[in-house]
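Participant: Sharing a structure with you now.
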Amino acid sequence: MELREALSQISEIRGQMARSQMFRGYRSVTAGFSALMAVVACLIQTWWIPDPSHNMRDYLRLWFAAAVLSLIVVAAEMIFRYRRTASELQREITLHAVEQFIPCLVAGALLTFVLQRFATNTLWMLPGLWAIVFSLGIFASRRMLPRASKWVAGYYLLSGLVATALAAQNGYGYSPWQMAGTFGAGQLITSAMLYITLERRHV
């Protein structure tokens, strides 16, 4: 009985340590790739979907594909580092970081589905809502990220609010440049933050 309690306490201590450690699995290169994907999707939309309000299915498919491809690259990098490390603590840190961020991605996907299925007249709000939900994911993970991450989260939150306001007043909701300015610039800022605070110091 005492052995079980001791093992349980050790496991709890390790969990607390993992939650308090900085996560170094996000890389500037993968964040930069996400920024590039946002710009590429912006250009494709400009050429392929000039009027998204009359072609919402292709609009959503395009940005969903860009998001999924970015997530695949980020996940592949994290899995590679997870499998390479021999440290159980580092593996727990990685799992905690994923657990903190996944809810915002699931919420964004479900929100998109619900609006597309039941409230198509509100789809113009999606770009702003995506940015706001993404900012909440970063805020939720901030204790495991560099301190500067709060400014990245703040950028996404502000961008989402501004995008929603502009869309409501000027019909700017489906503009590809709004998405490029929000997620392209946001991920570029994230890439610079990761490099300056983690990678450059490490080098």
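Participant: Inside the range 37-49, can you point out the residues that are farther than 23 Å from Leu188 by Cβ and either buried (at least 19 other Cβ atoms within 10 Å of the Cβ) or at pLDDT 95 or above (or both)? Quick ask: steps written out before the conclusion?
Facilitator: Step one: filter the range 37-49 for residues farther than 23 Å from Leu188 by Cβ, giving 48-49.
Result: Ile49, single match.
Participant: Among the residues of the range 162-191, count how many are over 15 Å from the mean Cα position of the chain (by Cα) and either among the hydroxyl-bearing types (Ser, Thr, Tyr) or at pLDDT 95 or above (or both).
Facilitator: Summing the residues that are over 15 Å from the mean Cα position of the chain (by Cα) and either among the hydroxyl-bearing types (Ser, Thr, Tyr) or at pLDDT 95 or above (or both) in the range 162-191 gives 4.
Participant: Restricting to the range 105-124, what's the tally of residues that are touching a helix residue (DSSP H, G or I) at 6+ places or on another chain (Cβ under 6 Å), farther than 17 Å from Ala67 by Cα and among the hydrophobic types (A, V, I, L, M, F, W, C)?
Facilitator: Here the count works out to 3.
Participant: Take Ser34 and decide whether it is at pLDDT 95 or above and either at positive phi or open to solvent by less than 50 Å² (accessible area, probe 1.4 Å) (or both).
Facilitator: Values: at pLDDT 95 or above: yes; either at positive phi or open to solvent by less than 50 Å² (accessible area, probe 1.4 Å) (or both): yes.
So Ser34 passes the test.
Participant: Ok, one more. If you take the residues in the range 50-85 that are open to solvent by 60 Å² or more (accessible area, probe 1.4 Å) and of a type in the set (A, V, I, L, M, F, W, C), which one is farthest from Gly137 (Cα to Cα)?
Facilitator: Phe80
The values are calculated or read from the model by the stated rules, or taken from the named source; none is laboratory data. The model shown is predicted, which means the values in this text are computed figures rather than measured ones. Ideal geometry is used to build each Cβ from the backbone, glycine not excepted, and the neighbour counts take in all protein chains shown. Heads up: the accessible areas ignore ligands, DNA and RNA and are worked out on the full protein's heavy atoms, side chains in. Shrake-Rupley method; radii C 1.70, N 1.55, O 1.52, S 1.80 Å.
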